[in-house]
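Derivation of every value follows stated rules applied to the coordinates shown; laboratory data play no part. Computed from a predicted structure; not experimentally measured. Backbone-built Cβ (ideal geometry, glycine too); neighbour counts: all protein chains shown.
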Amino acid sequence: MLHKVAIRLAIALAGISAAASIDKRIIGGQDAQEGDFPFIVSIRTPGHACGGSLLDSTTVLTAAHCIPSDWQRKNFHVRAGTLDLKKPGVDAKVASAKVHPDYKYRGKEGEPYAVNDIGIIKLSTPLKESEKIGYAKLPADGFDPMVNSTAVVAGWYVLFSLARGVQDVRLNRLGDSVEKLAKVVIPVREREDCYKIDETARARDTLPFRHRFLSRDPTACIALDL
């Protein structure tokens, strides 16, 4: 049941990072601090491509779209123990990588989400716990966050600010990654509220893995698999 449990992890733990074709962003957040997310790793090909969550010394949970079809290439690796993409960390080579067997990317306009967008990476070099590296704690089976509670989403893509009409110089509205890991607190919303905004959400909710929806914006929703 690893797939079911791993998908739930995304609600509170997984760093959300965007591939060029999938619109997932950290908006209105702030820099993460040391110790906030010791389980979040940078998946690199060889530069930063996505975030992932370290489940144990050799297992990383990430999105299926973050695993390249030619993952066997030598430059595909994981970096742990750093919040800053430009600073060194502890690197580990990838031994194997698998995506959900029913993963499907919906590329039509208006359907930015992928179905069963989950992947597991196994490392050939163990990443041991330390002051800067830790393992994610999985929620109990059957976990479903309460409506109006809050969740923390963290990642390196994409934070931007239009405060006073001036964009933050660290960030790029087009989707370039920021250097430091960002975090944002967002409320959990009613599923029906999101169905009204995005009808494709209702169809996704008929899948074996249900969704919980998060948003700071009353006109938009983020669907996270459960």
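Structure notes:
- Spacing of the modelled spin labels on V185 and R73, each 7 Å from Cα toward Cβ, amounts to 4.1 nm.
- Greater than 30 Å apart at Cα, pairs in K104/K128; K86/K196; K86/K137: K104/K128; K86/K196
- For the pair S57 and K196, the difference between a 0.36 nm per residue extended length and the Cα-Cα distance amounts to 45.9 nm.
- Taking 7 Å steps out from each Cα toward its Cβ at S130 and V90 produces label points 0.5 nm apart.
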